[in-house]
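Nothing in this text is a laboratory measurement; each read-out follows from the coordinates by a stated rule. Here the structure is a predicted model, which means the values were calculated and not measured.
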Amino acid sequence: MNGDDQGLSAAPAPDDSQFSGLTQSRAGFAQELSNPDLRRKFMALIDAEVGDQSPQAQQAFIESAMNRGAARGKTLDQIISDRGYYPNGGQPVSKA
């Protein structure tokens with residue numbers, strides 16, 4: 001042990017209760033995604049917004065959409081259909 005380690009302790013491990021709100025909101029989104037039409041719509045938006053970036057970038061996009069829905073009290077369908085946030089509704093911008 002060197003002198004830099006003195007007085008430092010590991011942070012306590014989080015317990016399940018700290019994630020219950022997240023778990024509940026994600027469960028609602030999971031239920032929504034059982035709808036094949038919504039799932040296709042969300043996948044098209046992910047492709048339009050993230051494209052062929054890394055799986056981590058795709059996951060970050062998915063989580064940000066879900067977090068926005070949870071924070072605003074909206075369904076995933078309402079979030080991904082928001083023309084103010086996604087002006088093309090997940091459709092690629094045509095290149096003229």
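Step through the residues of the range 50-57 one at a time and calculate ³J(HN,Hα) from phi using the Karplus curve (6.51 cos²θ - 1.76 cosθ + 1.60, θ = phi - 60°), rounding each to whole Hz and writing x for Gly and Pro.
Going residue by residue, I get 10, x, 9, 5, 5, x, 5, 5 Hz, with x marking Gly and Pro.
Using only the alpha-carbon atoms of the range 24-88, report the extent along each of the three principal axes, biggest first, to the nearest angstrom.
29, 24, 23
Need the full-extension length gain, Val50 to Glu63, defined as separation in residues times 0.36 nm minus the C-alpha distance. One decimal, nm.
Net length gain for the segment: 3.4 nm.
Gain in length, Arg26 to Gln78, computed as 0.36 nm per residue apart minus the alpha-carbon separation, to one decimal in nm?
In short, 17.2 nm is gained.
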